[in-house]
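Have a look at the structure below before the remarks.
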Amino acid sequence: MSLNELYELNDGHQLPKIGLGTFQIRGYQGVDQILNAIQIGYRLFDTSTNYDSEGAVGEAIRRSGIPRSQFYVTTKLPGKYHHFDDALKIIEESLLRLGLDYLDLYLIHWPLPKRDNYVEAWQALIEAQRRGLVRSIGVSNFEKEHLDKIISATGVTPAVNQNEIHPYWPQESLVSTNQEYGIVTEAWSPLGRGSSELTEPLILKLAEKYDKNAGQIILRWHIQRGILPVAKATTPQHQRRNLDIFDFTLTETEVSQISDLERKDGRVDDQDPKEYEEFV
């Protein structure tokens, strides 16, 4: 990946156009897997207090011998810490676990609207940014109504909104909202929840056309929609392939055709990412 493959954030900072997800990448094995990714060229690492992978990310960065300034580290606020003082303390705790002096990006993991404390959590992130603990602040799994509420209450727009996005759930309306607000969209589970999208006939046909694999086609689809995919990969082979997506371009028709695969997995409107609110 070229070093100039960066998204500009609305706060003046930048993020690489693809990152490594670290869900279930932990412990000493996780350190080795992240070190492999660093050697291949990854610089953006997405972790969370709930993933229990902050320690592995921090240790891999220290062992890499590469200056910390060259990395972009993201972690997230659990729902049980949405109150102002609790949020600030857990941000400090994340920094201690990572062994870092600052975070490049910090996200509210879920809005948890039934609890309705996410405005207070957002105020804490603003304060953390003011104190220099965090460079950029954003949210995860927020919909338009949640974005409107925190922006109206504070006057501060998130730099990033990380959402579940993949060919069977392209989230076109939400992506458009993020773009309208100047928010960079990140995608979690960018290759899909299972393996179905990787065997989708249209995607396999495009993979053959461009001499790529199905995952590379999907990741390229994200990039051309202006989305930053955060893809988990544990082997050097998969990590390397996921980065190798900047030497070809899908046509506009092909991007639209992939987006038109929406809900082919049988999902209905009330089966949305809120079902994952156990990440509290």
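The values are calculated or read from the model by the stated rules, or taken from the named source; none is laboratory data. Here the structure is a predicted model, which is why all the values come from computation and not from measurement. A quick note on method: Cβ atoms are made from the backbone with ideal geometry, for glycine too, and the neighbour counts reach across all protein chains shown. These accessible areas exclude ligands, DNA and RNA; they are computed on the full protein's heavy atoms, side chains included. Shrake-Rupley method; radii C 1.70, N 1.55, O 1.52, S 1.80 Å.
Annotation: per residue accessible area for the chain equals 43 Å², rounded to a whole number [probe 1.4 Å, protein chains only]. If a/c stays under 1.5 just call it rounded; otherwise compare a/b with b/c (prolate if a/b is bigger, oblate if not). Do that for segment 1-141, with a ≥ b ≥ c from the square roots of the Cα gyration tensor eigenvalues. Prolate, because a/c is 1.5 or more and a/b exceeds b/c. Looking at this model, which pairs from 144/205; 80/144; 17/232; 76/149 are more than 24 angstrom apart at the alpha-carbon? Violating the 24 Å Cα-Cα cut-off are 144/205. Loop-located chymotrypsin sites (Phe, Trp or Tyr not before Pro) across segment 70-123 with a Cβ neighbour count of 14 or fewer within 10 Å are lacking, with loop assigned by DSSP.
Built from the Cα atoms of segment 70-195, the convex hull projects on average onto 8.5 nm², one quarter of its surface area. Taking amide H as placed 1.01 Å from N in the peptide plane, residue 163 has its amide H under 5 Å from the amide H of 141, 186, 187, 188, each at least 5 places away in sequence or on another chain. Value of Rg to Rh for segment 182-254, rounded to two decimals, is 0.94; Kirkwood radius and Rg both from alpha-carbon coordinates. Calculated over segment 127-172, the projected area of the Cα convex hull averaged across directions stands at 3.8 nm².
Per-residue surface analysis assigns residue 148 an accessible area of about 50 Å², computed on protein heavy atoms at 1.4 Å probe radius. Among the trypsin sites (Lys or Arg not before Pro) in segment 107-184, those located in a DSSP loop and surrounded by at most 16 other Cβ atoms within 10 Å of their own Cβ are 114, 115.
When the Cα centres of segment 19-43 and segment 118-164 are compared, how far apart do they sit, in Å? With segment 19-43 and segment 118-164 each reduced to a Cα centre, they are spaced 27 Å. Membrane-span-like helices of the chain, defined as complete DSSP H segments with a Cα extent of 24 Å or more along the helix axis and a mean Kyte hydropathy of at least 0.0, are absent.
The calculated FRET efficiency for residue 260 paired with residue 181, based on their beta-carbon distance and R0 = 30 Å, is about 0.75. Helix content alone sets the calculated 222 nm mean residue ellipticity of the chain: runs of n ≥ 4 DSSP H residues at -39500 (n - 2.57) each, divided across all residues, give -12000 deg cm²/dmol.
Here the chain is treated with +1 on each Lys and Arg Cβ and -1 on each Asp and Glu Cβ, and its dipole about the Cα centre works out to around 760 debye. Considering the chain, its Cα convex hull presents a mean projected area of 13.6 nm². The peptide list 231-237, 54-60, 210-216, put in order of mean Cβ contacts within 10 Å with the highest first, becomes 54-60, 210-216, 231-237. Put +1 on the Cβ of every Lys and Arg and -1 on every Asp and Glu Cβ in the chain; which of 151, 44, 119 then has its Cα farthest towards the positive end of the dipole? Most positive-ward Cα: 44.
Diffusion of segment 66-128 by Stokes-Einstein, at 37 °C in a medium of 0.692 mPa s and with Rh set to the Kirkwood radius over alpha-carbon pairs, works out to 271 µm²/s. Distance between the C-alpha centres of segment 210-235 and segment 166-207: 9 Å, rounded to the whole angstrom.
Packing around the peptides 248-259, 176-187, taken as the average count of other Cβ atoms within 10 Å per residue, puts them in this order, highest first: 176-187, 248-259.
Computed over Cα pairs, the Kirkwood radius of segment 28-111 leads via Stokes-Einstein (1.567 mPa s, 4 °C) to a diffusion coefficient of 100 µm² per second.
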